[in-house]
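S.K.: Submitted below is the structure of interest, expressed as structure tokens.
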Amino acid sequence: MSDLSPSQKAAIQYVNGPLLVLAGAGSGKTSLLVHKAAWLIREYGVPPDEIGLLASCARAARFMRTQLADLIHGRPAQEIFISTFPAFGLRLVQASLEEFGLRPGFSVYTPEESRALLARLMPEEGQDTAHLTREIEAHIARFKRDAYLPPVPPSAHDARDRAARLYAQYEERLQAANALDLGDLALRPLQLLGRRPGVGRLWRGRLRYLLVDEYEETTTAQHLLTRRLIDEGVLLTAAGDDDQCVGSARGARPENLLRLREEVPALRHIRLEQNFRSTGRVLKAAHSVIAHNGAPLCEKPLWSDRSYGEPLRVYRAPSEEHEAERLVAALLAHKSANGTEFRHYAILLCHPCQSGPIERALRQRRIPYYMQDAPALFDQVEVRDVLAGLRLLCNPADDEAFVRVINTPRREVDRATLDELERHARATGTNLLRAARDRGLASRLAPEHLSALTAFVTWIAGLIERVTVDDPIALVRDLLNGQRYEEWLQDTCNDRKIAEGRMENVLALIGILQRFIRRRPAARLPEIYEKLRHDAVLGLESEEPPGDAVSLMTLAEAKGTEFRHVIIPGMEEGLLPGSDEESMIQADRRLLYVGMTRARDTLSFTLAERRRRGGEVAARRPSRFLAELPQSEIEWVTGESGPGAEASLGRGGGLPATLHPFRRDS
């Protein structure tokens, strides 16, 4: 711990009660939590399985695990639970299934699967539109994030009221399907602890220490669950910064930091005030911007003992194509002048829609880059197809898995047959698979339709009988062969290479199964499915970033990262900020603050005078956030010879009169 500051050491060694670490950007709060876990194990003698270490995303959890392995070696580093809040909730649920009315093999629905379930409930409401289904799913997800159980009070919002009416039916369907959704992973443990205190039932062993990073990203339900755990005697160390909250659209509540202080009288506070990452100039600029959000919920003065650093540069361009070209030219010029590797550069986007011109410019210059928001393996459609099959084998009550498997590839079971099966299942109070095997169904269906359905049920039932005895890989291959899945991909994809790429994702999933089996040769499909379910909830990325490549990601995805050189394009009204609504402006200002504080050494911005929106090219105004930067620290680069040319760097030039952020159209 010799490299740690006195405040960090104090936070690590405090074990007498709950602790809140208020830590600004670059102050080392994540490293502090990892060091505290290592110290608890190595110096304080705490068994590793009594510690939970929670990150805000899978990437951060992976970083924590790697860092912990460098501090403590062997089994202790492997036994500590390092994950995200949803995966933590999943573990609590798994520890006591009967308490939650669940059976082994239960499913966890994605938002897409929740919408599919709601769509089957919607006809009773006289509605069946994709837009309304999506809106209702979003409201139900919000109910759960805010810890509301049915019945939900009425409101003046039509879609919210429809969601409130469907909420109880939706919950009944989940229960019948032996399933949860992502919102349940905090709400269900919270609900149970309210009824029956005693965390021991929820945790295999004993949870004594819970270390939570980025507490500003917690939802109301997650905060209330944390409070319950504190009441049960769990010692919390939470670290956070309300100025860095980027998940408000997903229900994050930065005010949870303040609620902890108000609701837990024994809570001790420690501030981390030294920024170890950025130059003084970058830090000054970031503070100048975020100050326009008003006083923070929690004061966190920051200082840096690094050099003051280079000026901030703003590159203007006539169009988004020119913006991309100038951005890439500036990057190459800087790399050439300084001998820097590509991996030290990051381009942070306001919105994924900006990536097209920038990716083309990078490819034209043959610059290697890594797109951070490439869909994770478990988000790929074909992988979801296979996972649905495994869910149905392990959880035959899962109606959404049944519908997906019977429709992918589409069989001789038409929509009308499935609708009739659905009605029969409701009438008999059972799931679709059991209803399909019920003799009473014969009176509802034409012989040819019944025959096709019976053939599918016979095939899938045969696979289900094998799940606890047969080799899991053989079972998965028989599932795919029975579906003729690879043949179906080739028939439905317009391009052979696309079909091959999708099949490679399926093979990657099988590779994950094979690696698990090599570690546990006796494992059968239910145990493997439990591992896959955890990985899907955790949100594992499909690939590691390549060694030397420019990182291309959104501002939100950049949280938890750092780079020597950061470029933020699209500094225009309508992009950053994307709205004139004050709450959205504040949210976008926090996003920009996060992006700016990723930079260690240099920070640049770009903007276009005209940009294509909705098929039309429109004039753009500079972002108001540019006017919030300390103007004496900015170099506006407006020369036509390319942004990397020294001749174009008008040192001390300030804001160009033709593109002044303070100027607004009348």
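S.K.: Hey, can you tell me all the residues within the stretch 373-424 that are of a type outside the set (S, T, Y), outside any helix (DSSP H, G or I) and within 30 Å of S355 (Cβ to Cβ)?
M.R.: Scanning the stretch 373-424 gives D373, A374, P375, A376, Q380.
S.K.: Somewhere in the stretch 143-162, is a residue touching a Gly at 6+ places or on another chain (Cβ under 7 Å), surrounded by 20 or more Cβ atoms within 10 Å (Cβ to Cβ), under 30 Å from P296 (Cα atoms) and not assigned by the TED database to the domain that holds H35?
M.R.: Scanning the stretch 143-162, I find at least one residue that is touching a Gly at 6+ places or on another chain (Cβ under 7 Å), surrounded by 20 or more Cβ atoms within 10 Å (Cβ to Cβ), under 30 Å from P296 (Cα atoms) and not assigned by the TED database to the domain that holds H35, so the answer is yes.
S.K.: Additional query: Do you know which of the residues in the stretch 346-361 that are surrounded by fewer than 23 Cβ atoms within 10 Å (Cβ to Cβ) and out of contact with any Asp or Glu (no Cβ under 9 Å at 6 or more places or on another chain) is farthest from L591 (Cα to Cα)?
M.R.: E359
Listed here are the residues, each with its yes/no results for (1) in a helix (DSSP H, G or I); (2) under 26 Å from E412 (Cα atoms); (3) touching a Leu at 6+ places or on another chain (Cβ under 6 Å).
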| site | (1), (2), (3) |
| --- | --- |
| T468 | no, no, no |
| N481 | yes, yes, no |
| W488 | yes, yes, no |
| D491 | yes, yes, no |
| A499 | yes, yes, yes |
| R502 | yes, yes, yes |
| L509 | yes, no, no |
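S.K.: Give all pairs with beta carbons closer than 6 Å in which a residue from the stretch 506-527 that is touching a residue at least 12 places away in the same chain (Cβ under 8 Å) meets a residue that is of a type in the set (S, T, N, Q); count only pairs at least 6 apart in sequence or on separate chains.
M.R.: Filtered contacts from the stretch 506-527: R524/T468.
S.K.: Further question: Name the residues in the stretch 388-419 that are surrounded by 15 or more Cβ atoms within 10 Å (Cβ to Cβ) and at pLDDT below 90, would you?
M.R.: T408, P409, R411, V413, T417, L418
S.K.: Sticking with this structure for a sec: Using beta carbons and a limit of 6 Å, which pairs, at least six apart or on different chains, have the first residue in the stretch 229-245 and farther than 15 Å from V264 by Cα and the second one of a type outside the set (A, V, I, L, M, F, W, C) and modelled with pLDDT under 90?
M.R.: Matching pairs, first to second residue: D241/G24; D242/P296; D243/P296.
Conditions (1) under 28 Å from G389 (Cα atoms); (2) in a strand (DSSP E or B), marked per residue:
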position	(1), (2)
G45	no, no
G52	no, yes
A61	no, no
R65	no, no
D70	no, no
I82	no, yes
L90	yes, no
G105	yes, no
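S.K.: A further question follows. Out of curiosity, is R259 free of Cβ contacts under 8 Å to residues at least 60 places away in the same chain, assigned by the TED database to the domain that holds A37, of a type in the set (K, R) and in a helix (DSSP H, G or I)?
M.R.: Yes.
S.K.: Is it true that Y345 is more than 30 Å from A116 (Cβ to Cβ), at pLDDT 95 or above and touching a helix residue (DSSP H, G or I) at 6+ places or on another chain (Cβ under 8 Å)?
M.R.: yes
S.K.: Taking only the stretch 425-449 into account, find how many residues are in a helix (DSSP H, G or I), farther than 18 Å from N407 by Cβ and in contact with a helix residue (DSSP H, G or I) (Cβ under 8 Å, 6 or more places away or on another chain).
M.R.: 5
The values are calculated or read from the model by the stated rules, or taken from the named source; none is laboratory data. Everything quoted here is computed from the prediction, not taken from an experiment. So basically every Cβ, Gly included, is an ideal-geometry build from the backbone, and we count neighbours across all protein chains shown.
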